[in-house]
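For reference, the structure is listed below as structure tokens.
The values are calculated or read from the model by the stated rules, or taken from the named source; none is laboratory data. None of the values given here were measured: they were computed from a predicted structure. Every residue, glycine as well, gets a Cβ built from its backbone with ideal geometry; the counts of neighbours run over all protein chains shown. Surface areas here come from the heavy atoms of the whole protein model, side chains and all, with no ligands, DNA or RNA. Shrake-Rupley method; radii C 1.70, N 1.55, O 1.52, S 1.80 Å.
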Amino acid sequence: MKTRLLTILLLLPFLTLAQKAKKPAATTRQPDGDKQTIITNLNGRFAEYAGISKQIWDFAELGYMEEKSSLLLQEQLRKEGFTVTAGVAGIPTAFVAQYGAGKPVIGILGEYDALPGLATEAKPEFTPIAGQRGGHGCGHNLFGTASVAAAVEVKNWLKSSGQAGTVKIYGCPAEEGGSGKVYMVREGLFNDVDVVLHLHPGSQNAADAGTSLANKNAKFRFRGIAAHAAASPERGRSALDGVEAMNYMVNMMREHIPQDTRIHYVITKGGDAPNVVPAFAEVYYYARHKDRDIVQSIWKRIENAAEGAAKGTGTKVDWEVLGGVFNILPNVALAEVMHQNLKTVGGITYTPEETAFAQKISETFGEQKVPITNAAQVKDFRDASESATSGGSTDVGDVSWAVPTVGLQTATWVPGSSAHSWQSTAASGMSIGQKGMIVAAKTLALTALDLYKTPALIEKARAEWTQKRGADFNYEALLGDRKPALDYRK
Ligand SMILES: [Zn+2]
């Protein structure tokens, strides 16, 4: 049995390669000269961009604290001849960099914030890094670097071809709960842009016309009266009771809301010691739905639950909305262009070492396990614009209502990985993630080229966007007029 297993394991890399060898004929198209130059350039700079993404992975800076990550990307862009404006929209770690002149203006989004509590080494087993708060479980180290790599290639092409047009890259902090892009949209930073491109790390290669969930989130702060919990509890009012009563009401509410709603919370402060009646407690809530009007109506009921809980427990409550994002407005015309380019670029082929790494990670998925060879494939095109294709939310949503926007995901993680997991953190810090990143950079750059060369594509995309957005659309951020919550991770 052991020998047979060993034989299979030894053969796997070759079986994988053999399967892959068959694949390209079906998925790869012959790129033209300009596109081939970009592909060749990015292949040549693989080590350089892998290094940048690894540095950002090592920094693992949380939302609005991405000083080193942001600076590193800015430096790279300055070196390449971009004009960089840092600290935009009242956010020290946000930036806009641009190159070129005139229309069309193509924007590319980049992210670089890490998540709290996901620090693990880039190994195929969970290996926490002591003393490190954050980890790149959403692969934003690859996201930011791929966007810069793509923008640089677009710049090189604009320069050598003499083509009119501008490329703008947006350094977008605090995607994870901080809604960084919402402030950039509110500031009007996308007003002169014709089309925006973005990517997201993932466990497959796909460019769909998919959407995402709108969300709103806040910290609810209850204030009570401290007292000795045994000697004089009658003199106290527990702030933690307020939190628990609120949670109880919200949990009962779940039966009476649209079933595809998501509500989740964590108690961020529950008191200090059992023998002291807690004078302060805090609970952090998210509500999500693909329809932002439903989010708003459910949100009102969550606020009512907070007020009711405070009244019933003799405490006081106030809350701070920390984030709120729109659902993505999908654009089929743009997604088709992105999909064609992703097929031209093709998926990711593992070396024997990467195959061994991926196998080991894949074993941890249990029933969710899928073939790791999926990383070599590109998913068929789907117009999923009528349903939320991912359970997640993103502040790209707000951008997509300000300007026609399209994205893709590439297999930066072992197929079957969930975002926000140690497995995705690990892959984001090694060559599997870096290969997926370069596939994304190539696809973004190739898509931008198509848009510069064929203005009719932009017109078609904008016509679809105008029709879907509706004539009476008026942007009002879900987080209202608050200033960026620069300390939400502190
Ligand atoms: Zn993400």
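Quick notes
- The C-beta contact set for the range 131-151 (first residue more than 28 Å from N41 (Cα to Cα) and open to solvent by less than 10 Å² (accessible area, probe 1.4 Å), second residue more than 11 Å from the ligand (Cβ to nearest atom) and part of a helix (DSSP H, G or I), distance under 7 angstrom, 6+ apart or interchain) comprises G135/T425; G137/T425.
- Test: residue in the range 150-162 that is among the charged types (D, E, K, R) and in a strand (DSSP E or B): no
- In the range 366-386, residue most open to solvent (accessible area, probe 1.4 Å) [restricted to those that are over 22 Å from the mean Cα position of the chain (by Cα) and more than 29 Å from Q30 (Cα to Cα)]: E367
- Test: residue in the range 305-320 that is away from the ligand (no atom under 16 Å from the Cβ), closer than 17 Å to A206 by Cα, hydroxyl-bearing (S, T, Y) and at pLDDT 95 or above: no
- Residue list for the range 178-205, filter: open to solvent by less than 10 Å² (accessible area, probe 1.4 Å) and under 11 Å from D395 (Cβ atoms): G178, S179, G180, K181, V182, Y183, M184
- Pair list, Cβ under 9 Å, 6 or more apart: the range 376-390 residue of a type in the set (D, E, K, R), other residue open to solvent by less than 70 Å² (accessible area, probe 1.4 Å) and at pLDDT below 75: R382/T389
- Residue-level analysis places T261 outside the set of residues that are of a type in the set (S, T, Y), open to solvent by 40 Å² or more (accessible area, probe 1.4 Å) and under 26 Å from the mean Cα position of the chain (by Cα).
- Some residue of the range 185-202 being of a type in the set (D, E) and in contact with a Cys (Cβ under 8 Å, 6 or more places away or on another chain): no
- All positions within the range 333-363 that are farther than 28 Å from N41 by Cβ and either open to solvent by 70 Å² or more (accessible area, probe 1.4 Å) or modelled with pLDDT under 95 (or both): K360, E363
- For the range 190-276, the strands (runs of 3 or more DSSP E) that sit wholly inside it and include 2 or more residues that are of a type outside the set (G, A, S) and closer than 30 Å to T166 by Cα are 195-202.
- Residue within the range 143-156 that is out of contact with any Phe, Trp or Tyr (no Cβ under 6 Å at 6 or more places or on another chain), within 16 Å of the ligand (Cβ to nearest atom), at pLDDT below 95 and aliphatic (A, V, I, L, M) present: no
- Residue count for the range 173-200, restricted to those that are in contact with a strand residue (DSSP E or B) (Cβ under 7 Å, 6 or more places away or on another chain) and farther than 21 Å from A461 by Cβ: 7.
- Residue count for the range 63-104 satisfying the condition of being among the aliphatic types (A, V, I, L, M) and open to solvent by less than 10 Å² (accessible area, probe 1.4 Å): 5.
- For beta carbons closer than 8 Å, sequence separation of 6+ or different chains, a first residue in the range 307-322 that is over 14 Å from S238 (Cβ atoms) and open to solvent by 70 Å² or more (accessible area, probe 1.4 Å) and a second that is among the charged types (D, E, K, R) and modelled with pLDDT of 95 or more, the qualifying pairs are W319/K219; W319/R221; W319/E303.
- Among the residues of the range 217-234, at least one is within 29 Å of H420 (Cβ to Cβ), touching a helix residue (DSSP H, G or I) at 6+ places or on another chain (Cβ under 7 Å), crowded, with 20+ Cβ neighbours inside 10 Å and not aliphatic (A, V, I, L, M).
- Residue count for the range 90-134, restricted to those that are farther than 19 Å from L73 by Cβ, within 16 Å of the ligand (Cβ to nearest atom) and in contact with a Leu (Cβ under 9 Å, 6 or more places away or on another chain): 1
- Hits in the range 257-277 - residues which are closer than 28 Å to A231 by Cβ and in contact with a strand residue (DSSP E or B) (Cβ under 8 Å, 6 or more places away or on another chain): I267, K269, G270, G271, N275, V276, V277
- Complete set of residues in the range 158-174 that are away from the ligand (no atom under 13 Å from the Cβ) and touching a helix residue (DSSP H, G or I) at 6+ places or on another chain (Cβ under 6 Å): Q163, G165, V167, I169, G171
- Pairs linking a residue in the range 194-219 that is more than 13 Å from the ligand (Cβ to nearest atom) to a residue that is acidic (D, E) and part of a loop (DSSP other than H, G, I, E, B), with Cβ atoms under 8 Å and 6 or more positions apart or on different chains, are D208/D383; A209/D383; A214/D291.
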